[in-house]
Amino acid sequence: MDRYRVAVIGAGPSGLYAAAALLASGEPIDVDVLDRLPAPYGLVRYGVAPDHVKMKSVIRVLRQPFEPAHVAFLGGVRIGGADGFPLEELRARVHAVVHATGSSLDRPLGVPGEDLPGSHGSGAIVGWYSGHPDLVDLAPDLDHPGVAVVGAGNVALDIARVLARDPEEMAATDVPDPVLDGLRGSRVRDVHVLVRRGPEHVRFTPAELRQIGELAGVDVVVHDDGLLAAGVEPPEDRRQRQNLALLTEWAARPPGDAPRRIHLRFLRSPVEILGDDRVRGVVVERNRVEGGRVVGTGERETLDVGLVVRAIGYTAEPVPGLPFDAATGTVPNVGGRVVREDGEPVPGAYVTGWIKRGPTGVIGTNKGDAVETVAALLADLPHLPAPARPGPLVDALRAGGLRPVDWSGWLRLDAEEVRRGGGRGADRVKVAALADMLDAAHGART
Ligand code: NAP
């Protein structure tokens, strides 16, 4: 019988776990994994902090469907949008599409001054130090000793850690050379993490919280208005209890004299970002929590900062042609089957990862998520209409004037990054500019 064809859009962890699950099914399915960037791995490459090297080793698992080449990688191909390959054209060539495009937009805070130069979303800052081609030119000003990071999730901790860490430790990571230069020239001394609730509510994972306490040359300063010394009711959640124990220990320590500090400021929300031509400070209001709700007390103070980063979670770009729930930043679905408002499935359309469930969970969470989606797809596959225009997708892309980067192209880019790393004592140094990525992938000199 003819083979089925499935396209996965997005080569991040969720898309690659879906590709692996399709392959593991043993069904006669040809799988193409498309990504708008010439490199695979999505958030592992561009979201996991550069100094979390062990966490990036999941790449060894994620690349398995490509080696040997059971699944095709088609990088540097944008689907949909004004200049992308039309989704309908893709749909016409496959039985099913799995959308795994994640949540790439920063959520706004909604306070005055948020649009000033020097006020950034976490995605922009993380993308910059991770060498994302869209953010090579961001170069945030690190010329002021104070930085505010808003949020109490792991992304806030990642950013605080990277900005406070000794830059010589960052030289051993994959950050691009201009990023390392920026960190080496940084005058940042005090990173203020603004947590809107109390120490018992933070969403950090305990290992990540512990890590900031172990940084060389960095003191963690807990600003809790004496709450922890007075005793805070332990939360039910085990991780939150572990966080609380650690924070209680830190709050009781005498002040240190390290050259840089990460301040954890509890029950504080930014209400205005100050500045004229750039950020010059942030006004912070003290909160109390009433029945789970954050309520401002009207008591305000101003922190002297030159950079504000909001790490308050992400939302997704709508997928053209699919329903979208703007409140959750997800595509409505039942177990991965995309559904319309009336609850009817959109034939052949599936979602997995953050675009399916929202921006939560660790990388491994995407595995079970993808397995669920693929199970739905496999159950539907025999009943889905055959592609209207069959034939290899890569041919259609080339006929549309595109020059996809295949797996061997990615391996050329990969080798170039490893080569660059050798000069700096790092496993790799990222090639960040899109043109340079494409040159390396297509075998031109960079
Ligand atoms: P997150 O864990 O959802 O944390 C978002 C934080 O922003 C919460 O503390 C939330 O506070 C706060 N927040 C939301 N709106 C706010 C507002 N208007 N003002 C002030 N604070 C506000 O999101 P994330 O840090 O972006 O991480 C996303 C996911 O990736 C998480 O599941 C995370 O664990 C994961 N991740 C894991 C790692 C790792 O394992 N090392 C690293 C990075 C990310 P409330 O709690 O009060 O709502």
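The values are calculated or read from the model by the stated rules, or taken from the named source; none is laboratory data. The model shown is predicted, which means the values in this text are computed figures rather than measured ones. FYI the Cβ positions are ideal-geometry reconstructions off the backbone, even for glycines, and counts take in every protein chain you see.
Brief remarks follow.
- The residues listed here are Val44, Val94, Val98; of these, the one that is of a type in the set (A, V, I, L, M) and under 22 Å from Ala326 (Cα atoms) is Val98.
- All told, Asp342 meets the bar of being over 19 Å from the mean Cα position of the chain (by Cα) and either surrounded by fewer than 18 Cβ atoms within 10 Å (Cβ to Cβ) or of a type outside the set (Phe, Trp, Tyr) (or both).
- All positions within the stretch 162-195 that are buried (at least 20 other Cβ atoms within 10 Å of the Cβ) and of a type in the set (Lys, Arg): Arg165
- Residue in the stretch 39-52 that is more than 16 Å from the ligand (Cβ to nearest atom) and either over 19 Å from Pro390 (Cα atoms) or out of contact with any Cys (no Cβ under 6 Å at 6 or more places or on another chain) (or both) present: yes
- Residue match in the stretch 67-74 (condition: modelled with pLDDT of 95 or more and assigned to a loop (DSSP other than H, G, I, E, B)): no
- For the stretch 415-446, a residue qualifies if it is touching a residue at least 60 places away in the same chain (Cβ under 8 Å) and over 17 Å from Leu180 (Cα atoms), and the qualifying residues are Leu434, Met437, Leu438, Ala441.
- Subset of the stretch 271-295 (residues that are part of a strand (DSSP E or B) and closer than 27 Å to Pro117 by Cβ): Val271, Glu272, Ile273, Leu274, Gly275, Val279, Arg280, Gly281, Val282, Val283, Val284, Glu285
- Candidate set from the stretch 347-391 (those that are among the hydroxyl-bearing types (Ser, Thr, Tyr) and farther than 24 Å from Ala207 by Cα); member that is nearest to the ligand (Cβ to nearest atom): Thr352
- Selected residue (only one of Ala435, Ala440 is loosely packed, with under 15 Cβ neighbours inside 10 Å and at pLDDT 95 or above): Ala435
- Pair list, Cβ < 8 Å and 6+ apart or interchain, from the stretch 144-167 residues that are among the acidic types (Asp, Glu) to residues that are assigned to a helix (DSSP H, G or I): Asp158/Val126; Asp158/Glu208
- Failed criterion for Arg60 (all others in (1) part of a helix (DSSP H, G or I); (2) in contact (Cβ under 8 Å) with a residue 40 or more places away in the chain hold): (2)
- Tallying residues that are within 12 Å of the ligand (Cβ to nearest atom), small (Gly, Ala, Ser) and touching a strand residue (DSSP E or B) at 6+ places or on another chain (Cβ under 7 Å) within the stretch 186-218 yields 1.
- Members of the stretch 88-116 found to be within 19 Å of the chain's Cα centre (by Cα), at negative phi and not aliphatic (A, V, I, L, M), listed by number: His99, Thr101, Ser103, Ser104, Asp106, Arg107, Pro108
- Selected residue [surrounded by 21 or more Cβ atoms within 10 Å (Cβ to Cβ), within 20 Å of Asp181 (Cα to Cα), more than 12 Å from the ligand (Cβ to nearest atom) and of a type outside the set (Gly, Ala, Ser)] from His99, His132, His95: His132
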